[in-house]
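Below you'll find the structure, written out as C-alpha cells, and then a few comments.
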Amino acid sequence: MKILVTGSSGFLGRNLVNCMRARGYDAHGLDMVKAETTDYMVDITRRDDVIGLSKEGFDAVIHLAAFPNPRSFINAGALKGLDVNVVGTINVLELTRILNARFLLYSTSNVYGKPLKLPVMEDDPLRPFEGYGWSKVAAEAVSMSYQVVHKVPVTIFRLWKPYGPYDNGVVGIFITKAFKNEDLVVNNGGADTTDFLYVEDLCDATELALRKDEAIGQAFNIGFGVETSILDLAKAIIKLVGSSSRINVQPRTAEPFRSYPDISKAMRVLGFKPKYDLFSGLRATIDWFRRNP
C-alpha cells in the first residue's frame, strides 16, 4: 500500500512515516518543513500544488498537517489557522477524491471541549471552547461531507495525548528537564488530567483503520483509555529517569480540566488493543531521548 502522510515533519508525522515504513508500507511524507521523513515540500493551502500529487498514485492519505494546538492557532492568527486546518483539509480531500484513495483524518479530543461526563464517548456533544477545536470540528465535517457527496472512504481519529520519539509536548519537556535535574513545573495544582498514548499504539490503530472497511464513515476515540494527572506523569518521569528533579506544583487557578476517552468502539470495530501502558511507553520514549540528546 502506497501512503501519503501530510504533516510529516512534525512529531506525529515523523513517527508515523517511520513506523509505517518499518512495517513494510510505501510511506511518503508531505510538509512545508524539510525532514528525513518528508518527500514533498508542499503547502496544503495551495490547491494546485496539492492536486499535482495525484499522479503519484497513493492508495491512502493520512492527514496530519495542521496548526497543531490552540497556542499555535492563536499565534498564527485565526484566519491563517482556518486556512490551514479547514481549507488545507479540503484540498487534501480533493486530492484523495482524484486518487480514489482512502482518507484518515487525525483530529483531536479538543473537539469535545470540557467533557460533560467521563469517559468521553464518540457520540458526546462537540463543544470546543477555542478556535483550534472548532477548526478541527470543521475539518471533520468537510471530511464526512466528502464521503457523502463524493464517496471518499473517510475515517476520523480523535486523538488524546500521543507521546514518543521527537516529542515536543509535555512529555518531551519533562524528560529533557529531568535529564538536567531541573524542576518540573506542574500547573493548576497538578490536578488536570488526560490520557497518554504511545505512538507505536497509534501506529497499530492507523494500520487497522486502513485495512478494515468497517472503519469507513466512522469517528473513533484513540487513546490508552486511562486517566492520568500531569502530576502523576511528572512523578513517573522522574522515577524512570532516576532524576533528582523536584516537582514545582503551581497553585490552582481554575477547576481541574479532566479528560480521557472510552475506546471501546475502536477496540470493537477495529480490533484495537493498546499495548504500552504509561510506564512502558515512557521507558521507550526516555530511551530514545537518551540516544538522541
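Please treat every number below as a calculation from the coordinates, not as lab data. Bear in mind that the values here come from a model prediction, so they are computed numbers and not experimental data. Cβ atoms come from the backbone with ideal geometry, glycine included; neighbour counts cover every protein chain shown.
Couple of notes before you dig in:
- The alpha-carbon of Lys239 sits under 27 angstrom from the alpha-carbons of these lysines, leaving out residues fewer than 8 places away in its chain: Lys161, Lys177, Lys180, Lys273, Lys275.
- Normalised by residue number, the volume inside the convex hull of the Cα atoms of region 171-293 is 104 Å³ per residue.
- Taking a Cβ cut-off of under 12 Å around Asp204, the surrounding Lys, Arg, Asp and Glu residues balance to a net charge of +1, with basic ones at +1 and acidic ones at -1.
- Least to most buried among Ser109, Ser229 (fewest other Cβ within 10 Å first): Ser229, Ser109
- Taking amide H atoms as placed 1.01 Å from N in the peptide plane, the amide H of Val5 lies under 5 Å from those of His28, Gly29, Leu30, Ile62, each 5 or more residues away in sequence or on another chain.
- Distance from region 107-125 to region 225-293 (C-alpha centre basis), Å: 19
- 3J(HN,Hα) couplings calculated from phi for region 101-107 with the Karplus curve 6.51 cos²θ - 1.76 cosθ + 1.60 (θ = phi - 60°) are, in sequence order, 10, 8, 10, 10, 9, 7, 9 Hz; Gly and Pro show x.
- Anisotropy class of region 147-202 from Cα gyration tensor, a/c 1.5 cut: prolate
- Our helix-only sum for the chain, with -39,500 (n - 2.57) per DSSP H run of n ≥ 4 divided by its residues, gives a mean residue ellipticity at 222 nm of -11500 deg cm²/dmol.
- Residues whose placed amide H lies under 5 Å from that of Val186, excluding near-sequence neighbours: Asn248, Val249, Gln250
- Evaluated over the chain, the Cα radius of gyration and Dmax, each in Å: 18.7, 57
- Among Ala254, Ala22, Ala191, the largest mean-square fluctuation in a Gaussian network model of the chain, built with springs joining Cα atoms closer than 10 Å, belongs to Ala254.
- Compactness check for region 2-159: Cα Rg over 2.2 N^0.38 Å is 1.00.
- Helix axis angle, 88-99 relative to the chain longest principal axis, alpha carbon, degrees: 50
- From phi via Karplus (6.51, -1.76, 1.60), per-residue ³J(HN,Hα) for region 224-233 in Hz, x at Gly/Pro: 8, x, 10, 7, 10, 7, 5, 5, 5, 4
- FRET efficiency for Gln147 and Gln250, using Cβ-Cβ distance with R0 set to 41 Å, rounded to 0.05: 0.40
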